[in-house]
Amino acid sequence: MPQTPSNMIPLGKTAPDFRLPDTLSGKTLSLKDLQSDKGTVIMFICNHCPFVKHVQKGLVKLAEDYQKKGVSFIAISSNDAEDYPEDGPDKMRSVGQALHYPFPYLYDETQDVARSYQAACTPDLYLFDGKLRTVYRGQLDDSRPSNNIPVTGKDLREALDNLLAGKPISPNQKPSMGCNIKWKE
């Protein structure tokens, strides 16, 4: 299984705004509609990637735990749905409903949002503070589909806990690892 690391954008970079259709609600939503003044997690995921499938339930649990604390979660799929039809909007809706995603699952058909975030892989995870500055970008935890390490969300949870407590977040962050985003030709 080929592995692509995240690009590790500079800490402090402001989250680019976007307006994308939510496959779960049918509404078009913007970052401004969804952001939280406590923290916002943006996750580039998809349906078919084994790395995402491995952590899907962990992402749901993470969101359920931290949405109660005022953190916003947003999932975006930017894969080319023409070449990867299981990553298209109808299948996104089916997967989001089946897994009870407690966050919007947005479709980035043009792939412009993925490019603006320099997303490289699925899952690619970003945490922004209340002013939408990057404070964490990297892996959920050390678990991978083949290494038998349980999915805990340890790395992102630590960053979230520090953000909510007003403590510094370590700049020593490990890149996420997953399938590359399926770019259009």
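The values are calculated or read from the model by the stated rules, or taken from the named source; none is laboratory data. None of the values given here were measured: they were computed from a predicted structure. For neighbour counting, all protein chains shown are included, and Cβ atoms are generated from backbone atoms with ideal geometry for every residue, glycine included.
Every condition in (1) touching a Lys or Arg at 6+ places or on another chain (Cβ under 6 Å); (2) within 24 Å of Gly178 (Cα to Cα); (3) among the hydrophobic types (A, V, I, L, M, F, W, C) is met by Val71 except one, and the failing one is (2).
Among residues of the range 143-157 that are without any contact (Cβ under 8 Å) to a residue 24 or more places away in the chain and within 23 Å of Glu64 (Cβ to Cβ), those with a beta-carbon under 7 Å from a residue that is surrounded by 16 or more Cβ atoms within 10 Å (Cβ to Cβ) and of a type in the set (Gly, Ala, Ser) at least six positions away or on a different chain give the pairs Ile149/Ser143; Pro150/Ser143; Asp155/Gly138. From the list Phe103, Phe51, the lone residue that is closer than 13 Å to Ile181 by Cα, in contact with a strand residue (DSSP E or B) (Cβ under 9 Å, 6 or more places away or on another chain) and of a type outside the set (Ser, Thr, Tyr) is Phe51. Scanning the range 129-141 turns up no residue that is under 11 Å from Phe44 (Cβ atoms) and not charged (D, E, K, R). Might you check whether a residue that is surrounded by fewer than 21 Cβ atoms within 10 Å (Cβ to Cβ), under 16 Å from the mean Cα position of the chain (by Cα) and assigned to a helix (DSSP H, G or I) occurs anywhere in the range 67-77? Yes, there is a match, as at least one residue in the range 67-77 is surrounded by fewer than 21 Cβ atoms within 10 Å (Cβ to Cβ), under 16 Å from the mean Cα position of the chain (by Cα) and assigned to a helix (DSSP H, G or I).
Please go through the range 153-185 and give me each residue that is assigned to a loop (DSSP other than H, G, I, E, B), surrounded by fewer than 16 Cβ atoms within 10 Å (Cβ to Cβ) and touching a helix residue (DSSP H, G or I) at 6+ places or on another chain (Cβ under 9 Å), ordered by number. Show your work before the answer.
Of the range 153-185, the ones assigned to a loop (DSSP other than H, G, I, E, B) are 153, 166-176, 181-185.
In the following step, the residues that additionally are surrounded by fewer than 16 Cβ atoms within 10 Å (Cβ to Cβ) were identified as 166-168, 170-172, 174, 183-185.
Within the range 153-185, Lys167, Pro168, Ser170, Lys174, Trp183 meet the criteria.
Beta carbons closer than 7 Å, at least 6 apart along the sequence or on distinct chains, pair a first residue in the range 5-34 that is within 24 Å of Met177 (Cα to Cα) and surrounded by 16 or more Cβ atoms within 10 Å (Cβ to Cβ) with a second that is modelled with pLDDT of 95 or more and acidic (Asp, Glu) for Ser6/Asp124.
Within the range 83-97, does at least one residue satisfy the condition of being touching a helix residue (DSSP H, G or I) at 6+ places or on another chain (Cβ under 6 Å) and at pLDDT 95 or above? Working first, answer last.
Filtering the range 83-97 down to residues touching a helix residue (DSSP H, G or I) at 6+ places or on another chain (Cβ under 6 Å) leaves none.
There is no residue in the range 83-97 that is touching a helix residue (DSSP H, G or I) at 6+ places or on another chain (Cβ under 6 Å) and at pLDDT 95 or above.
Just checking, which of Lys38, Lys61 is among the basic types (Lys, Arg), surrounded by fewer than 20 Cβ atoms within 10 Å (Cβ to Cβ) and part of a helix (DSSP H, G or I)? Break it down stepwise before answering.
Working: Lys38 fails: part of a helix (DSSP H, G or I).
Result of the check over Lys38, Lys61: Lys61.
Restricting the range 133-185 to residues that are among the hydroxyl-bearing types (Ser, Thr, Tyr) and over 17 Å from Val52 (Cβ atoms) leaves a set whose member that is farthest from the chain's Cα centre (by Cα) is Ser170.
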